[in-house]
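The values are calculated or read from the model by the stated rules, or taken from the named source; none is laboratory data. Source: prediction; values computed, not measured. Here the Cβ positions follow ideal geometry from the backbone for every residue, glycine too, while neighbour counts run over all protein chains shown. These accessible areas exclude ligands, DNA and RNA; they are computed on the full protein's heavy atoms, side chains included. Shrake-Rupley method; radii C 1.70, N 1.55, O 1.52, S 1.80 Å.
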Amino acid sequence: MNDSERGPATGHYSDDDKHLQSLGYVPSFKREFSNLATISFAFSIMGLCSSIATTFNTPLLLGGPSSVTWCWILGSTMCFTLGASIAEIVSAFPTCGGLYTASAQLVPKRHRPIVGWVVGWLNILGQVAGLSSTEFGLSNMIWAAVIIAKDGNYTVTSGMVVGLFIGLLMFHGILNCLATRYLARMTTGFVFVNLGTTAIIIIVLLATTGKHNFHSAGYVFGSEGVVNQTGGWNTGIAFLFGLLSVQWTMTDYDATAHISEEVRRAAYAAPAAIFIAVIGTGLGGWLLNIVLVLCSGPLGDLPGPSGNAFLQIMVLRMGKAGALFLWAFVCLTAFFVCQTALQACSRTVYAFSRDHGFPDRGYFGHVSKSTQTPLRAIWATTLFSILPGLLDFASPVAANAIFSLTAMALDISYIIPIAMRRIFRNHPEVIFTPGPFYLGDGLLGWALNINCICWVLFVSVIFSLPTYLPVTKDTMNYAAVITGGVVLLSLTWYFVDGRRHYQGPQSNIHSGYMDKEAESDNDNGEFTADVKNVALPEDAKN
């Protein structure tokens, strides 16, 4: 291994670490993620087949089969513009704070605390909801398999679903306590399971469905497949509810940024992974959705006794044994999504605590010396992620709000720094230094940025609507209430107390240098010499 690949523990700073220092942070993690592991991480956070399996009921049963196919390609095209805009910012600011850290650097100094605060809380809320909803979906997927194995003669209670959900979360918390090198090795294989499972399901479904059982093109793509089952909404709104599946699947783009301090050549690898994963997930997901609808059988028979239309279609065409065998790999894919989501969210919690965004005096902004991972942040994330899943005790519809909440909170946290970069592009206090992945200041860059901002605002309105009418306490969509409540409470907290200890993302250069220089006494002074040759950013000097 040459010097450019070595981390801070070796006594030498890599080029990545020097770039990180120029952004105001002392390297705290080992860079163990290769290009393949980073791409695999980006694919895994989206999940593809498992994410579609978790949310397939929503477009199919609200807007009909055509909603499944058209909303996916529409949403994934728009998500491409959002993913490209995010990749540009991640390339310029490859820190574990992700867009939270970048947002405060893209506004004048007087706005940094409030912008960083809002983006930080929205991003953490979205990531916690994303982890919780994925783990909750995995729990339901496992119980759906049990119901199929028992030929439908099995009753699953809310307590059973929530109990398994909590157990899975705790297990992922334990796995995330491993050192970064082990996490990187595990992650490398995720992409092959993800894409391989998707491809096999597509092939087997087509092979086991006789030509006479295929639905017509009008059912898959046309007006024949538009079926309004919302109980009162007009057909256009019912159709647009199908966007939930693609928006929930293709979000958490900046998760790759949150591990960028553990990635080699992060300014290149992290945005490239986001770009590749968005395109691959968009195209692969569309093909899978088309095949599922094509082979789905009578709409009235879905979602079936398992409560999962995806699994029921597999059982119909493959038989129980074949369907359950492949379903195990779909569940494994969801397991990988939870693993990567917890890792990414814990790094955000670590970064926010490091910047004194929590009233914890930096307690969660601590890296374990034994594993060089933020163990405190990992367990804080794990425990907080339990709370959204408890909504299932209120009602299944209330629990489903965490899926909408994920897309709303995360996507809104993304468009704030994207908008700020354009609004304050000529401000003397804002210096945006593009990374290797740069959209430019021409028509293309502006078009992509404006498009993704308008799109997120539009889908946030859709996701705020209750999916069934009339609205009762059992059918109420709590996503907007929770998101708005968290933003309101966080702002109140900021003005009452938060602004006293939170000044936006803060450089830890000086404190980090003192710690490292003390350690360098046992390293023949090499570390100190390297550090002193790095110029401090202006904020760090102040």
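Of the options PHE393, LEU405, ALA419, report the single residue whose Cα projects farthest towards the positive end of the charge dipole of segment 364-434 (beta-carbon charges: Lys, Arg +1; Asp, Glu -1).
Going by the Cα projections, it comes out as ALA419.
If each Cα of segment 13-90 is one equal point scatterer, what is log10 of I(q)/I(0) from the Debye formula at q = 0.17 Å⁻¹?
Debye output, listed in q order: -0.86.
Roughly what % of Cα-Cα distances in segment 118-277 sit above 30 Å, to the whole percent?
When all Cα pairs of segment 118-277 are counted, 38 percent exceed 30 Å.
Largest first and in whole Å, what are the equivalent-ellipsoid semi-axes of segment 219-325 based on the Cα gyration tensor, each being the root of 5 times an eigenvalue? Don't skip to the answer; put the middle values down first.
Details: eigenvalues 227, 77, 31 Å².
Here the semi-axes work out to 34, 20, 12 Å.
What's the angle, to the nearest 10 degrees (0 to 90), between helix 112-149's Cα axis and the longest principal axis of the chain?
Orientation of helix 112-149: about 40 degrees from the principal axis.
Which FRET efficiency, nearest 0.05, do SER22 and ARG181 yield, Cβ-Cβ r, R0 30 Å?
0.70
When only Cα pairs under 8 Å and 6 or more residues apart are kept, what is the percent relative contact order across segment 98-217? Present the calculation step by step, with values, prior to reporting the outcome.
Details: 36 pairs, mean separation 17.6, N = 120.
Relative contact order for segment 98-217 comes out at 15 percent.
Quick one: 3J(HN,Hα) in Hz for segment 443-457, Karplus 6.51/-1.76/1.60 with θ = phi - 60°, rounded, Gly and Pro as x.
4, 4, x, 5, 4, 5, 5, 5, 4, 5, 5, 5, 5, 4, 4
Taking θ as phi - 60°, what are the ³J(HN,Hα) couplings along segment 84-89 by the Karplus curve (6.51, -1.76, 1.60), each to the nearest whole Hz, with x for Gly and Pro?
Per-residue couplings from phi come out as 5, 5, 5, 4, 4, 6 Hz.
Order 358-364, 261-267 from most to least packed using the mean count of other Cβ atoms within 10 Å. Mind showing how you got there, number by number?
Numbers: 358-364: 15.6, 261-267: 24.7.
By packing density, highest mean first, the sequence is 261-267, 358-364.
Using a Förster radius of 30 Å, what is the FRET efficiency between LEU387 and TYR154 based on their Cβ-Cβ separation? Nearest 0.05, please. It would help to have the intermediate numbers written out before the result.
Working: r = 28 Å, r/R0 = 0.93.
Rounded to the nearest 0.05, the efficiency is 0.60.
Calculate the dipole size of segment 145-272 relative to its Cα centre from +1 charges on Lys and Arg beta carbons and -1 charges on Asp and Glu beta carbons; express the result in debye to the nearest 20.
Numbers: 6 positive and 6 negative charges, 71 e Å.
My answer is approximately 340 debye.
Would you please put 491-501, 134-144 in order of how densely packed they are, using the mean number of other Cβ atoms within 10 angstrom per residue and starting with the highest? Mind dumping the intermediate values first?
Numbers: 491-501: 13.2, 134-144: 25.0.
For the peptides 491-501, 134-144, the packing ranking is 134-144, 491-501.
Can you compute the charge dipole magnitude of segment 100-187 about its Cα centre, using +1 on each Lys and Arg Cβ and -1 on each Asp and Glu Cβ, nothing else charged? Give it in debye, rounded to the nearest 20. Walk me through the numbers before you get to the answer.
Values: 6 positive and 2 negative charges, 113 e Å.
The dipole of segment 100-187 has a size of about 540 debye.
For segment 174-274, what is the relative contact order in percent, using Cα pairs closer than 8 Å and at least 6 residues apart in sequence?
Relative contact order, segment 174-274: 13 percent.
Pop out the ³J(HN,Hα) list for segment 249-260 in order, Karplus 6.51 cos²θ - 1.76 cosθ + 1.60 with θ = phi - 60°, rounded to Hz; leave Gly and Pro as x.
Along segment 249-260, the couplings run 5, 9, 9, 6, 4, 7, 4, 5, 5, 5, 9, 5 Hz.
Debye sum, Cα scatterers, segment 92-166, no solvent: what log₁₀ I/I(0) at q = 0.11, 0.21, 0.23 1/Å?
Calculated log10 I(q)/I(0) at the listed q: -0.49, -0.87, -0.96.
Please give the per residue accessible area of the chain, computed with a probe of 1.4 Å over protein heavy atoms only, in Å². Each step should come with its number before you reach the end.
On the way: 20350 Å² over 542 residues.
Using a 1.4 Å probe on heavy atoms only, each residue of the chain averages 38 Å².
Test of understanding: express the Cα radius of gyration of segment 267-322 as a ratio to 2.2 N^0.38 Å, with N the residue count.
Working: Rg = 16.1 Å, N = 56, 2.2 N^0.38 = 10.2 Å.
Here the answer is 1.59, to two decimals.
For the chain, give the magnitude of the charge dipole about the Cα centre (Cβ charges: +1 Lys/Arg, -1 Asp/Glu; no others), in debye to the nearest 20. Each step should come with its number before you reach the end.
On the way: 29 positive and 32 negative charges, 95 e Å.
Dipole of the chain, to the nearest 20 debye: 460 debye.
Nearest 10 degrees is fine. How inclined is helix 320-354 to the longest principal axis of the chain, computing both from alpha carbons?
With both axes taken from Cα atoms, the answer is about 30 degrees.
So, by mean Cβ neighbours within 10 angstrom, what's the order for 462-471, 381-390, 208-217 with the highest one leading?
On the way: 462-471: 17.7, 381-390: 20.5, 208-217: 12.4.
The densest-packed peptide leads the list: 381-390, 462-471, 208-217.
What relative contact order, as a whole-number percentage, does the chain give when Cα pairs under 8 Å and 6 or more residues apart are counted?
Values: 961 pairs, mean separation 173.4, N = 542.
Averaging sequence separation for qualifying contacts and normalising by length gives 32 percent for the chain.
Expressed as a fraction of 2.2 N^0.38 Å, the rule-of-thumb size for a compact globular protein of N residues, what is the C-alpha radius of gyration of the chain?
On the way: Rg = 23.2 Å, N = 542, 2.2 N^0.38 = 24.1 Å.
Dividing the Cα radius of gyration by 2.2 N^0.38 Å gives 0.97.
Between HIS427 and VAL146, what length comes free when the chain is fully extended (0.36 nm per residue of separation minus the Cα-Cα distance, one decimal in nm)? All intermediate terms of the calculation are to be shown ahead of the outcome.
Working: separation 281, 0.36 × 281 = 101.16 nm, distance 5.90 nm.
Length difference between fully extended and current span is 95.3 nm.
When a/c is below 1.5 the answer is rounded, else prolate if a/b is larger than b/c, else oblate, so apply that to segment 78-135 with a ≥ b ≥ c taken from the square roots of the Cα gyration tensor eigenvalues.
Working: a/c = 2.18, a/b = 1.27, b/c = 1.72.
Here segment 78-135 falls in the oblate category.
Check the chain and count each lysine pair with an alpha-carbon distance under 12 angstrom, considering only pairs eight or more places apart or from different chains.
On the way: LYS18/LYS532; LYS30/LYS369; LYS150/LYS320; LYS516/LYS532.
Taking the chain as the scope, the lysine pair count is 4.
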